[in-house]
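Quick notes on the structure that follows.
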Amino acid sequence: MSMFKVFDISGSAVSAQSQRLNVVASNLANADTVAGPDGQVYKARNVVFKTVMMDTAGSAARGEADNPVLASAGVRVSDVTEDQTPGRKVLNPAHPLADKDGYVTYSNVNAVEEMVNMISSSRSYQNNIEVMNTAKSLLQKTLQMGQGV
Amino acid sequence: MLNRLTQNLDFQTEALTLRAERQRLIASNIANADTPGYVAREMDFSQALREATGSLAAGGAARMQTTQTGHIQPMAGSLGGPVGLKYAAAAQTNLDRNSVDMDRERASFAENSVKYEATLRFINGSVRSMLDAMKSPSQG
């Protein structure tokens with residue numbers, strides 16, 4: 001019953017998008033974090049999405065293991081990478097954490113980028129929820145097949 | 001004799017299965033809308049239905065063929081490919097090589113849901129007519 005797979009597929013996407021949203025929240029929360037005395041500052045994080053074939057066991061049973069097009073394509077977060085660009089430096093000699101030249105190093109989070117990421121992932125989240133809702137109502141109608149006669 | 005009763009339903013059953021398959025395919029595309037490098041897939045529904053119901057001529061373009069000696073004979077009823085799956089061409093290019101067109105996918109998804117429901121109603125209708133035909137007039 002391939003309609004049930006829709007829940008696996010969209011469920012994996014919803015989970016991946018919520019992880020992306022989590023990372024965006026961390027980044028935005030640390031947008032104004034300042035480097036401590038050790039010089040280490042928060043680095044913006046990014047998720048990496050990867051397609052994951054979910055139906056390989058089922059297609060292997062049908063002798064189609066090498067046929068990726070038949071398998072359901074879900075998605076998962078394969079990696080969380082750190083943005084290595086240097087943090088922005090602000091001249092503020094009065095700051096307690098300023099270095100010897102009077103510069104304070106802030107995290108390299110780009111707030112505009114993060115907001116765009118947030119909107120994009122929230123829209124994708126909604127899309128996948130809607131796909132699941134549609135699949136659910138179709139399955140309910142399928143279960144009632146032949147009963148209304 | 002008894003199979004005559006359900007013979008009418010076979011076509012609709014195949015159509016319903018393919019609709020569910022296409023729904024799953026579109027769900028995969030929507031799920032991977034943000035995956036870099038993902039290539040959207042689409043199904044040629046009418047061809048898939050013709051293959052499934054066997055109305056496509058045997059040895060046609062979609063069937064597996066043995067053109068060389070050494071090719072393994074396809075099993076009876078085997079098809080050329082997995083229900084006519086193709087790669088959807090991207091309407092707009094994308095920096096991350098993702099070819100999912102969300103507008104098109106959403107439209108296909110809505111279309112496919114409606115047609116799935118329509119097929120369900122056709123099946124229900126056939127069942128109702130068969131039951132009506134079985135009833136005696138006195139039963140009303």
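Laboratory data are not the source of any read-out in this text; all were calculated from the coordinates shown. Fair warning: this is a prediction, and the values are worked out from it, not measured in the lab. Don't worry about glycine lacking a Cβ; one is built from the backbone with ideal geometry, like all the others, and counts go over all protein chains shown.
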Net charge near A:Ala135: determine it from the other residues with C-beta under 10 Å of the C-beta of A:Ala135, scoring Lys and Arg +1 and Asp and Glu -1.
-> +2
Table column - 3J(HN,Hα) (Hz), region A:114-119, Karplus curve with 6.51, -1.76, 1.60, x for Gly and Pro = 5, 5, 4, 4, 5, 5
Just add up the charged neighbours of B:Tyr116: K/R +1, D/E -1, any other residue whose Cβ is under 9 Å from the Cβ of B:Tyr116.
-> +3
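Counting every Cα pair in region B:5-50, what percent are over 16 Å apart?
On the way: 505 of 1035 pairs.
Percentage above 16 Å: 49.
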Tabulate in residue order the Karplus-calculated ³J(HN,Hα) for region A:19-26, using 6.51 cos²θ - 1.76 cosθ + 1.60 with θ = phi - 60°, rounded to whole Hz; enter x for Gly and Pro.
-> 5, 4, 5, 4, 5, 4, 4, 4
If you take the charge dipole of region A:93-149 about its Cα centre, with +1 on Lys and Arg Cβ and -1 on Asp and Glu Cβ, which of A:Thr142, A:Met115, A:Ile129 is farthest toward its positive end?
-> A:Thr142
Chain A: Rg to Rh, with Rh as the Kirkwood radius over Cα pairs | 1.22
Rounded to one decimal in nm, the spacing of the 7 Å Cα→Cβ label points at B:Met134 and A:Asn46 is 6.3 nm
Of A:Lys43/A:Lys100; A:Lys136/B:Lys135; A:Lys50/A:Lys100; A:Lys43/A:Lys136; A:Lys141/B:Lys86; A:Lys5/A:Lys43, which ones are farther than 32 Å apart at the Cα?
-> A:Lys136/B:Lys135; A:Lys50/A:Lys100; A:Lys43/A:Lys136; A:Lys5/A:Lys43
Considering every pair of different Cα atoms, what Kirkwood radius, in Å, is found for region A:75-123?
-> 13.4 Å
Which whole-number percent is the relative contact order of chain A (Cα, under 8 Å, 6+ apart)?
-> 33 percent
Hey, could you get me the Stokes-Einstein D for region A:95-149, Kirkwood radius over alpha-carbon pairs, 4 °C and 1.567 mPa s, rounded to whole µm² s⁻¹?
-> 81 µm²/s
For the A:Lys141, A:Asp32 Cβ pair and Förster radius 45 Å, calculated FRET efficiency rounded to 0.05 is 0.30
